[in-house]
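A short reminder: the numbers here are calculations on the coordinates, not readings from a lab. Just so we're clear, the structure is a prediction, and the values are computed from it rather than from any experiment. Virtual Cβ from ideal backbone geometry, glycine too; neighbours counted across all protein chains shown.
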């Protein structure tokens, strides 16, 4: 498979790129290299003859058209997105630009490419648009999001992803573009950006600082190990049906406060405080996020049945792997780190894919 991965220097994207190259696919990674993109995340494949990297903005129409028609993909895995809720509340502009306009331009580019390719060889093509459970809004104590859940986004981030989902479906229904939409619960694992919850807890704990948890800490999230998510996305690329939606969740609902305690307990055993006390003493409840959704939880049974997929990593073992990775790679816990970034210097097609 010749695969384009957008946002491929980000957390989930880099995991997908490395997995795909290891599996024998030829991959073009497209990433703007914002603060959340790191070339170091792609170190495993940086010298692979079946990997190319393009530093470009998905909202740059000419760059996307050149990339598609030069590379000639069989499929697109669209992961590029602004993704942090807090940042979307403070500065929603870039979320609208990337998540909505960028997705529109990718769909338009893919449609032109697919239409021309279809006239030539009639080959298969897939555009997998990767989204979030946040588009469905908040759940109460019971129930899970499923294929019947209505859209009710409550943050600028969630609204921008919901808009992108609707565009993706419209390009399938209106133009016939073979689009598949996926929605996932909270991902975690090695290499996640320092601003996210689990790395934030680890960072503040190890620094001897207060570990901030919003509100009362009772908000609940369903956690999905990134490796399990990638297996699901690859299954979607290979076996998913155009026009379908697949929901990926870990069947692992945990209160934020309980999650912080689990992380602190694991750190106590692996990097104990000098005074011998628990890192849990540093947990501090702070003012809640505006519009903070109470609970997310996904019912992944449709994806399990249709794709033969299942989340295999348990939270405890996933957290152990994640914490051990950050202890071995402490630079990744530094917010705003430029490790693996090249500033404004443009990189065009590093490597040569065959």
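With bins 20 Å wide beginning at 0, the percent of Cα pairs of the range 2-333 falling in each bin runs 32, 58, 10, 0. Report the residues of the range 127-157 in range of a label on residue 305: point 7 Å along Cα→C-beta, backbone N strictly under 15 Å from it. Under 15 Å, as judged by backbone N against the label point of residue 305, lie 146-149 of the range 127-157. Take every Cα pair under 8 Å whose residues are at least 6 apart in sequence, average their separation, divide by the length of the chain, and the relative contact order is 22 percent. If a/c stays under 1.5 just call it rounded; otherwise compare a/b with b/c (prolate if a/b is bigger, oblate if not). Do that for the range 1-131, with a ≥ b ≥ c from the square roots of the Cα gyration tensor eigenvalues. Oblate, since a/c reaches 1.5 and b/c is not below a/b.
The alpha-carbon positions of the range 219-300 define a convex hull whose volume is 124 Å³ per residue.
Report summary: the helix-based calculation at 222 nm, which adds -39500 (n - 2.57) for every DSSP H run with n ≥ 4 and divides by the residues of the chain, gives -11500 deg cm²/dmol.
Sorted on the mean count of surrounding Cβ atoms within 10 Å across their residues, most packed first, peptides 157-166, 265-274, 301-310 read 157-166, 301-310, 265-274. DSSP beta bridges confined to the range 2-333 are antiparallel in about 10 percent of cases.
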